[in-house]
Amino acid sequence: MDVLRSRRVIIAGAGIAGLTAALAFAKRGFSVDVYERSEKLEEVGAGLQLSPNATRILDRLGVLEFLLPKAVRPHGVILRDARTLSELARVPLGDTAERRWHAPYLVAHRADLQGALLEAVGRQSSIKLATGSALTGFAREEQGIAVTFDRPSAADRAAGLLLVGADGVWSATRGLIGAGNQSSFSGEIAWRTVINAESEIGRALARIGAHENVTAFLHSGFHLIAYPVRGGAAFNLVAFTPGQRIAEGWSDKTNIAPLERALRHTAPMLAGLARNAGPWTAWPIHTVRQPTPWAAPGIALVGDAAHAMTPFAAQGAAMAIEDADTLAAFVDAGSDDLASALTAWEKTRRPRVEKVARRGAFNHFAWQAWGPVALARNLVLKTMPPEKLAADLDWLYGWESAAS
Ligand SMILES: Cc1cc2nc3c(=O)[nH]c(=O)nc-3n(C[C@H](O)[C@H](O)[C@H](O)COP(=O)(O)OP(=O)(O)OC[C@H]3O[C@@H](n4cnc5c(N)ncnc54)[C@H](O)[C@@H]3O)c2cc1C
């Protein structure tokens, strides 16, 4: 294979996974072409928690310096009973997290992370980014792979060593490796809004410390997460209820009745949120059923394209970031035998990603528990010292890639 082609990677999708992959490959000396379907890269408005396993990589890739001025470092994760607002448990973050896991725990607006990734990408002359370009076809050739993209002006063809499918939960690349492009609806809806910290509700949240923490309000069949974004000027609120499959993506045309019902028996401060904190947008949570193959000759899937999971461990983006960085490390170390490198990468990643997805399922079960299970949960949480709760997360937040 010619040298130029053997060091060229094509990425479909410029979300968190795609842009991180671009930086990780560029750092290792690859040329990278990123093709993004949307004309304009604007991340619709939800917030993100970024745990130390992700921020450690973002730091190494030169992204953190652009993100830090806009992100908030919460003091802790606080679990509260949504009916009484009483504190059930606390995981210390802030300086404690940084000492323990050697990287910060941050909360940020997605647009700010996207902006920071783009700033870092803009500094790399070896990365080219084309928007308005949707992946349409793929072929294996003697000399590597060739990919076609549909652009408004003309169709484009790119050739290289590897296609990285970073095209999200409704991935077209997943279809190319025979993994099927179907995702399944989890039965849960995420409801999101951003409110001004100076609003009446913003001030009420600050009175219980929500302006400096990630606060999870737990209730039977429902939970709500609140945390500060935009340097503390706003709160991101995201609530989870059972619901019907609606549009693919965030929708602001949804009937908020399920959210109102879910909030009905919560504390007065929360009960009026459906009407008073909107407008709410709704997102039907889709997952990718496993085991779906994540790699085939000349192709690898990263992030939601490979393994979209429920967001109850707040780890989907973190897994996308880990995938991207480890993939680049495996391909760099094994580019003379790419097929083996991809197999080894998938074998290393799968147990971790599946363990994280199981933690999300457990959180969902525990946080939305009913009756006696909820009572037992509260009793157990009350006896857990914060240090023990933090230690329980060492495997997740303290993770370091052996390959990087
Ligand atoms: C309510 C909610 C809360 C969450 N909270 C957290 C959290 O706190 N922390 C966390 O770590 N994770 C969280 N997640 C998960 C996280 O948002 C996702 O895992 C992450 O955004 C996945 O990134 P991605 O780059 O893989 O996919 P995406 O962000 O979906 O990016 C895919 C990109 O590919 C493009 N694309 C699609 N098709 C094509 C094509 N054919 N050709 C070219 N480009 C294409 C799309 O336009 C898009 O830009 C949350 C998710 C939800 C729903």
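The values are calculated or read from the model by the stated rules, or taken from the named source; none is laboratory data. As the structure is a computational prediction, the values presented were derived from the model and not from experiment. Quick reminder, even Gly has a Cβ in these numbers, built from the backbone with ideal geometry, and neighbours come from all protein chains shown. Just the protein is used for accessible areas: all its heavy atoms, side chains included, with ligands, DNA and RNA removed. Shrake-Rupley method; radii C 1.70, N 1.55, O 1.52, S 1.80 Å.
Oblate is the label for region 331-404, because the ratio a/c of its alpha-carbon gyration tensor axes (a ≥ b ≥ c) is 1.5 or higher and a/b is not greater than b/c. Could you please state how large a percent of the accessible area of region 13-110 is carbon and sulfur, counting protein chains only and using a 1.4 Å probe? Result for region 13-110: 45 percent of the exposed heavy-atom area is carbon or sulfur.
Straight Cα distances below 13 angstrom link Lys382 to the aspartates and glutamates Asp81, Glu87, with same-chain residues fewer than 8 positions distant left out. Of all lysines in the structure, the ones whose alpha carbon falls short of 18 Å from that of Lys347, not counting any fewer than 8 places away in one chain, are Lys355.
Is the shape of region 53-201 best called rounded, prolate or oblate, per the rule: a/c under 1.5 gives rounded, else a/b larger than b/c gives prolate, else oblate, with a ≥ b ≥ c the square roots of the Cα gyration tensor eigenvalues? Prolate. With the highest mean first, a sort of the peptides 79-89, 355-365, 379-389, 319-329 on other beta-carbon atoms found within 10 angstrom per residue produces 319-329, 79-89, 355-365, 379-389.
Solvent-accessible area per residue in the chain equals 42 Å², computed with a 1.4 angstrom probe and all protein chains kept. Between the C-alpha center of region 379-404 and that of region 283-347 there is a gap of 24 Å. For region 271-404, carbon and sulfur atoms together expose 63% of the accessible surface, with a 1.4 angstrom probe and every protein chain in place.
Name the shape class, rounded, prolate or oblate, that the alpha-carbon gyration tensor gives for region 73-148, where a ≥ b ≥ c are the square roots of its eigenvalues, rounded holds for a/c under 1.5, and otherwise prolate holds if a/b is larger than b/c and oblate otherwise. Taking the square roots of the gyration eigenvalues as a ≥ b ≥ c, region 73-148 is prolate. A Stokes-Einstein calculation at 37 °C with viscosity 0.692 mPa s, built on the Kirkwood radius of the chain over Cα pairs, returns a diffusion coefficient of 151 µm²/s. Out of all DSSP beta bridges with both ends in the chain, state the antiparallel percent to the nearest 5. Of all bridge pairs located within the chain, approximately 70 percent are antiparallel. Averaged over all directions, how much area does the convex hull of the C-alpha atoms of region 33-106 cover when projected, in nm²? Averaging across all directions leaves 7.5 nm² for the Cα convex hull.
Lysines near Lys128 by alpha-carbon distance under 25 Å, same-chain residues fewer than 8 away left out - which ones? Counting by Cα, and skipping residues close in sequence, Lys128 has these lysines nearby: Lys27, Lys40. Expected output is a single nm value to one decimal: the length gained when fully extending between Ala333 and Gln244, i.e. 0.36 nm times separation in residues minus the C-alpha distance. What is it? That pair, Ala333 and Gln244, stretches by 27.5 nm at full extension.
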